[in-house]
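The values are calculated or read from the model by the stated rules, or taken from the named source; none is laboratory data. This structure is a prediction, so every number in the text was calculated from the model and none was measured. Every residue, glycine as well, gets a Cβ built from its backbone with ideal geometry; the counts of neighbours run over all protein chains shown.
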Amino acid sequence: MDKFKITGRQGLSGGIPVSGSKNSSLPAIAACLLTEEPVTLHRVPKVRDIGTMLKLLEHNGATVEHLPGGAVRIHAAKIVNPEAPYDIVKTMRASSLVLGPLAARTGVARVSMPGGCSIGARPINLHINGLEHLGATVYQEHGYIEASAPNGLRGATVQFERITVTGTEDLMMAAATAKGTTILENAAREPEVVDLANLLTAMGANISGAGTSRIVIEGVERLHGAEHEIIPDRIEAGTFVIAGVMSNSEVTVENCVPEHFAALLTKLRQAGARVEESASSVQIRPVNRLRSVDMTTEEHPGFATDLQAQFMALMTGALGISFVTENIFENRFMHVPELARMGANIRIEGRQAIVAGPCDLTGAQVMCSDLRASASLVLAALVARGESILDRVYHIDRGYENIEAKLAGAGARIERVA
């Protein structure tokens, strides 16, 4: 099991490139199940969750070809196994994304309940209710969700009880070839939803309203092949921006879309950080001292839950008391005990973490518990005195492409130890 060995307080400099979005690539790959023609996706990151999803599509009957430059060509000419078995998807939380495409393409789907990190429950009932509105019969047994629509799906109005990104994406894919018009109310507005809509449109779908809370899908008879470039990973970009601010360095985070993580940049400026953005990069400049600011996670365009742990690591070095409130997942403070091992002063009260700073972080041996918690520990280790050992870094491999190489290229002393 690999570990990271990090020697802190080295400072960063230069540019750090951002890969394509993991959270955008996953539904894009699932969308390839909707057509018998090849789909080519550019800028697909080489991370563990993507490998799992590609393996799943091969199980479904698709052929997967890796092209130069990070592109992937997927050809699902025929679906031979319309299921997502537990043995393949047990380490991934996005397995439900194939539920809609499989039901739309074949009339049946059998999908294992989502696995992955234990940061909280996925609202899978929202997927189920949505598919039932589209005419599918759905039931759950033996750890699987089984959907049946032998006469095809039909358009309907779906009112989500709560905002769900994967639910919005799943229903958007299912409705693309359903008979009639589907309206998704209280839909997620994340950039990844817009990116999926752009891919589906390139494949021949008729979708309007993506990026707003009301998405309208006019069903078409069939979808065709397409070529599409995945958007930059806004969570990876935000993580690197925080790394630059925490290390008080002059760093440029490159190949990103600052607009996609504007809420983070606003909070950083409130804390006193010097961040300057262009259309495709963010430059960080040193400051004397950060001040504590409060933060609450919200659905987009609010502060992303996937950046909460990293922001909390940042607040350990700020002057004052910071209240960090987690509204999306109910169990997303598992990084707190590990940060405390490094000297952080954090108290948890329900869905709120109270961070007192500045703390003099010191290197320690810590355990990675989930994807974004792992990133927060990397950030803390970069600014801690001495050496840190991070165990179970396979969690961070699920969502960050060569994070140690990218940080080392900017001057960090970080290495992977087998």
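Tabulated data for the structure shown
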item: Verdict on Arg214 being within 22 Å of Gly302 (Cβ to Cβ) and either of a type in the set (Lys, Arg) or without any contact (Cβ under 8 Å) to a residue 40 or more places away in the chain (or both); result: yes
item: Residue selected from segment 323-364 under the condition of a type in the set (S, T, N, Q) and in contact with a Ser or Thr (Cβ under 7 Å, 6 or more places away or on another chain), by the criterion nearest to Ala271 (Cα to Cα); result: Thr325
item: Test: residue in segment 386-400 that is touching a residue at least 60 places away in the same chain (Cβ under 8 Å), part of a helix (DSSP H, G or I) and more than 19 Å from Lys46 (Cβ to Cβ); result: no
item: Residue selected from segment 184-197 under the condition among the aliphatic types (A, V, I, L, M) and part of a loop (DSSP other than H, G, I, E, B), by the criterion surrounded by the most Cβ atoms within 10 Å (Cβ to Cβ); result: Ala187
item: From the options Ala381, Ala340, Ala408, Ala353, residue that is assigned to a strand (DSSP E or B), in contact with a strand residue (DSSP E or B) (Cβ under 9 Å, 6 or more places away or on another chain) and not assigned by TED's automatic domain parsing to the domain that holds Thr52; result: Ala353
item: Residues that are of a type in the set (S, T, N, Q) and either modelled with pLDDT of 95 or more or in contact with a strand residue (DSSP E or B) (Cβ under 8 Å, 6 or more places away or on another chain) (or both), drawn from segment 41-66; result: Asn60, Thr63
item: Count - residues of segment 385-406 that are surrounded by fewer than 24 Cβ atoms within 10 Å (Cβ to Cβ) and either out of contact with any helix residue (DSSP H, G or I) (no Cβ under 7 Å at 6 or more places or on another chain) or farther than 18 Å from Arg341 by Cβ (or both); result: 14
item: Test result for Thr266, outside the structural domain of Ile29 (by TED's automatic domain parsing) and either in contact with a strand residue (DSSP E or B) (Cβ under 6 Å, 6 or more places away or on another chain) or on the phi > 0 side of the Ramachandran plot (or both); result: no
